[in-house]
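Every read-out reported here was derived from the displayed coordinates using simple, explicitly stated rules and does not represent laboratory data. Since this is a predicted model, take the numbers as computed values, not measurements. Note: ideal-geometry Cβ built from the backbone for every residue, glycine included; neighbour counts use all protein chains shown.
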Amino acid sequence: MQTVQTAKRGAIAILTIDNPPVNALAASLRADLKAAVESAASDAGIDAIVIAAAGRAFIAGADISEFGKPPVAPILPDVLDAIEGCAKPVVAAIQGAALGGGLEVALACHARVAAPAAKLGLPEIKLGIIPGAGGTQRLPRLVGAAKAFPMMLSGEPVSGEKALALGLVDEVSDDVVAAAVALAQRLAAKGAPRRTGEQEDRLTPEDRAAFEALALDATKKSGDMPNAMALVEAVRNVFTRSFAEGLAAERALFLKLVADERSKALRHVFFAEREAAKIPGIAPGTAERPIASAAVIGAGTMGGGIAMCFANAGIPVTLIEQQQAQIDNGINRVAAIYEMSVTRGSLTPENRDRRLALITPAVGLQAAAGADIVVEAAFEEMGVKQEIFSALDAIVKPGAILASNTSYLDIPTIAAATNRPQDVLGMHFFSPANVMKLLEIVRPTGVADDVVATAVSLARKLGKVPVVVGNGFGFVGNRMLEQRTRAAERLLIAGALPHEVDAALTGFGFKMGPFAMSDLAGNDIGWRTRKSRGKTAAVADAICEAGWFGQKTGRGYYIYPEGARAGERDPEVEALIACISKEQGVTRRSFTQAEILARLLDPMVNEGARILEEGIATRPGDIDIIWLNGYNWPAWRGGPMHWADSVGLDVIVRRLEEQAAESSDTALEPAALLRRLAAEGKTFSELKVRAA
Ligand code: 3H9
């Protein structure tokens, strides 16, 4: 099938790109576009060419799934040479997203018309690369390097209107094709087209100075990101090299970055995010229940944060507590958080007022009666939850969705307290709920499909990344986190120290290690949970027994001198750990950072494999998205399952076997799925499940 259709309007050829869903520049489209341009160029009856597109996107860029595979001719730069080198004017008619290679097509044209709301950008940086088809050379020539560089460094698109102001497009019109045809006619009447690559007038000494200042700042902030530095180098070439040399240098940098593990990981994330949006067994377009209002039960830190999510999305929400004093505290906490955003300049006072006005404080569950969805964020105890759900059952209207924000508890047991288990599911927010992107949507057997579909779509409206998971203790994220927490404790007893364990994770790219994190959150939280589950952890328990709850008490795994946020090594804690090792008859030994990392992450991967075996997560990519958005796993590491693939599953199995042999923890035995994949020489990524 042809991906480009040519129509003639007088002496103007209109080439319409049609390669659903988003007109990505796959090999067939590249070939068709080049052929169509060449054919129109050699047609004596044609004076000028318009490149337009069907569908919601103009062109979403290069076909990301082709990266890492052998290139198929014609490569994009060759297509763009044909466009830019065309003796007849070529005008781009941009009706939707022109991103990456899509914008590069438009930049190679001799003029551009965009719809006011079109999105124009070079988001390659987010994929660990830089533009590879002339973007770094042509965009600065059109708008100046000082404006082009930040656009490419952030990867954020601009609207058609903004593009006009920048000089990136020549006109804005609601009817881009008609406007592009008219512009093409005018340009044809003028004679030879003006090529972007030949324009130098924006590249002034002032522009260069402004660019260098931005480049210096970027080097300070992102010096460790190879693509940010490659971008600086590529853009600088517009001042120091010819256009042709600049293009060649950009291409070389692009190819090097595409082959980098970081870019592979970020591409995996791109596709995993989109896969996660597909829910097995639920057809896309399943009718959803309308959500015009919400109620949140419990105005603690979590409940308040959840209420803010609704208010931020413009959905009126009733925040409910048992007593006036509790609800007053809750509302005050919410108001204080909004106030902080106003002080920081990220929220206007008007928006603060609008959001606060959407949150109605109330005492008593009766206030949830009119809500379309109720999210319960009460005390983490089954009895409490059941009591609330049973009461809600008698209060809320038929068809309302009842969601629990529990982190661990069994959703069907909670649902059994109602006469409408088909309306009950889990919506597990992460703390702070108004900030963290992840939302685990827990789908127990028996819940209605439209309830799940509604929860997923609501999550998106709340600005969250929803991942549908099965019901099971700790669901996905916390269940894997528990393995890491246990591994960290084991490492301390075996000979490592808190700062060494933390350094292994920060060195890997996490913002914080497990002990610094625990000190921040409060060590007493885990202690209480362990006690309620009859579990112990020798070091963690001893730290709490000493009253060292973390930052809030000035001491935890580290000591926090007055006012300091970063902890310092605490000789008393280190002596305590050594003492526990001795008590347990362990001869302490030192660990390399690589050993520590493997011991922390391998058990998580193993648990991830079990989670997949049990069907609690649908795809390995879902687990990765959970860790990226809920636990600050560094995006350029692709998530735990992608990381395991990159290490090699046979290596992970061997390391786990070694650990299992020296420990009594049966959780360290490699999961059957992990063993099977390793034996077959396969990766998790080959396990893809197609959603219906
Ligand atoms: C580049 O251009 C490099 C060049 O400089 C150099 C070249 C030499 N490729 O997001 P959606 C699929 S790098 C392949 O849900 P929306 C996507 O997987 C590229 N596939 O839609 C999904 O598939 P499925 C720079 C792609 O309406 C379907 O399309 N460009 C691509 O919410 C729908 O996607 C970018 O980074 C692609 N480029 O959003 C832009 N794009 O249905 C990437 C999408 O099977 N794209 N798919 O799951 C986007 O930002 C959004 O897709 C867009 C539409 C805003 C366009």
Please report the equivalent ellipsoid semi-axes of segment 232-329, computed as sqrt(5 x eigenvalue) of the Cα gyration tensor, largest first, in whole Å.
50, 22, 13
Pull out the extension gain between Ala209 and Ser346, defined as 0.36 nm times the separation in residues minus the alpha carbon to alpha carbon distance; nm, one decimal.
46.4 nm
Relative contact order of the chain, defined on C-alpha pairs under 8 angstrom at six or more residues apart (%):
9
Provide the net charge surrounding Ala378, with neighbours chosen by a C-beta distance below 10 Å and charges set as Lys +1, Arg +1, Asp -1, Glu -1.
-4
Report the gain in length on full extension from Leu687 to Ser590: 0.36 nm times residue separation, minus Cα-Cα distance, nm rounded to one decimal.
31.2 nm
Cβ neighbours within 10 Å, averaged per peptide: list 164-175, 427-438, 304-315 in order, most packed at the top.
304-315, 427-438, 164-175
Go through Lys119/Lys256; Lys34/Lys88; Lys88/Lys190; Lys264/Lys682; Lys221/Lys511 and tell me which ones have a Cα-Cα distance over 20 Å in this structure.
Lys119/Lys256
Would you kindly work out the equivalent ellipsoid of the chain from its C-alpha gyration tensor and give its semi-axes, the square roots of five times the eigenvalues, largest first in whole Å?
50, 31, 25
When the distances between all Cα atoms of segment 594-649 are binned every 10 Å from zero, what whole-number percent does each bin get?
25, 59, 16, 0
Which value, in Å³ per residue, describes the convex hull spanned by the Cα atoms of segment 127-195?
113
Leading residue at positive end of dipole, the chain (Cβ point charges), from Thr553, Trp527, Ile625
Ile625
Mean Kyte-Doolittle of at least 0.0 plus a Cα span of 27 Å or more along the axis: flag which DSSP H helices in the chain meet both, please.
593-613
Per residue and in Å³, how big is the convex hull formed by the alpha-carbon atoms of segment 4-259?
108
Take the Cα of Ala189, step 7 Å along the line toward its Cβ, and report every residue of segment 67-105 whose backbone nitrogen sits under 19 Å from that point.
88-92
Surface/4 of the Cα convex hull for segment 552-618, nm²
7.8
If every alpha-carbon in segment 449-552 counts as one equal scatterer, what log10 I(q)/I(0) does Debye give at q = 0.15, 0.17, 0.20, 0.24 1/Å?
-0.76, -0.89, -1.06, -1.31
Mean 1/r over all different Cα pairs, inverted: what Kirkwood radius does segment 1-143 give, in Å?
14.9
Say each of Glu658 and Arg333 gets a label point 7 Å from the Cα, pointing the same way as Cα to Cβ; how far apart are those two points in nm?
4.5
Rg/Rh for segment 497-583, where both radii come from Cα atoms and Rh is the Kirkwood radius
0.96
Points 7 angstrom from Cα along the Cβ direction at Ala27 and Lys256: gap in nanometres?
2.7
Taking alpha-carbon centroids only, segment 239-279 lies from segment 663-689 a number of Å equal to 30
The chain, helix-only ellipticity at 222 nm - DSSP H runs n ≥ 4, -39,500 (n - 2.57), divided by all residues, nearest 500:
-15500 deg cm²/dmol
Treating only the Cα positions of segment 625-692 as identical point scatterers, give the base-10 log of I(q)/I(0) from the Debye formula at each q in 0.17 Å⁻¹.
-0.72
To the nearest 20 debye, what charge dipole does segment 164-322 have about its Cα centre, counting +1 at the Cβ of each Lys and Arg and -1 at the Cβ of each Asp and Glu?
380
For Cys579 and Val72, calculate 0.36 nm times their separation in residues minus their Cα-Cα distance, and state this gained length in nm to one decimal.
176.2 nm
Between segment 97-148 and segment 506-537, how far is it from one alpha carbon centroid to the other, in angstrom?
45
For q values of 0.11, 0.13, 0.16, 0.20 Å⁻¹, compute log₁₀ I(q)/I(0) with the Debye formula on a Cα-only model of segment 294-474, without solvent.
-0.42, -0.59, -0.90, -1.40
